[in-house]
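The values are calculated or read from the model by the stated rules, or taken from the named source; none is laboratory data. Treat the numbers as computed from the prediction; the structure is a model and nothing was measured. Methodologically, a virtual Cβ is constructed for each residue, glycine included, from the backbone with ideal geometry; neighbour enumeration extends over all protein chains shown.
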Amino acid sequence: MAYNNYSNSKRITPVVLNLLIINILVWLAQLAFDKSQEHPYALTEKIALFSLDTGEFKPYQLVTYMFAHSSYDQFGGVVFSHILFNMYALWMFGTALERVWGPKRFLVFYLICGLAAGVAQLFLSHGTAVGASGAIMGLLAGFGYLFPNTEFFILPIPFPIKAKYMVAIYAAIDLFGGFHPGAADNIAHYAHLGGLVMGFILVIIWNKTNRKTFY
């Protein structure tokens, strides 16, 4: 995925940089302590978000889960795709939004979207969840609202798609996945939707308060 008409957001901003560092360090720690799932220090089992039906939910997980990512697959191989995609999206959307709102407001936005995603996961899904995807879906909503006509190239689609349509596409995918999950579906669709909805709510309120228009 890449976009072609917001080049100023390519330079990384302070909060985004720190979020990238934290996420990568946590993932490296997971790799170090998750090698054996029976190990008493299996980190992911402690910082993942467990849904209420599991009986293993702890309040702190609403924060820790959004800084953790998949570590090993069922065959013991390292999972790179989860953290790579999320960190790329964080850089892409986050740098633009941090420039609009400033570091403090951006961080508040990110964390609230992540918390909303976690709450949606708690009450609407089953099992466990890790990843920054819920918070990043909030960033996608904010970006799509403020920069609706920014064009993206999404493989394998051979033509550019405007941000406002890309938001709608991802929302539709997660809505469908939430209602009709596949047998091997391990995506937290409702967490994504929770972050996306909260992102829209916050950006609409803030945009009306600031009375600013973005193109």
- Item | Residues that are out of contact with any helix residue (DSSP H, G or I) (no Cβ under 6 Å at 6 or more places or on another chain) and surrounded by 15 or more Cβ atoms within 10 Å (Cβ to Cβ), drawn from region 120-130 | T128
- Query: Restricted to region 131-178, and to residues that are β-branched (V, I, T) and part of a loop (DSSP other than H, G, I, E, B), which residue is surrounded by the most Cβ atoms within 10 Å (Cβ to Cβ)?
  - Reply: T150
- If A188 passes every condition in (1) closer than 26 Å to S70 by Cα; (2) modelled with pLDDT under 80 but one, which one does it miss? (2)
- Query: What pairs can you find where one residue is in region 115-140 and farther than 13 Å from Q61 by Cα, the other is among the charged types (D, E, K, R) and surrounded by fewer than 20 Cβ atoms within 10 Å (Cβ to Cβ), and their Cβ atoms are less than 6 Å apart, with a gap of 6+ or different chains?
  - Reply: H126/D53
- Residue within region 92-107 that is at pLDDT below 95 and over 25 Å from T209 (Cβ atoms) present: yes
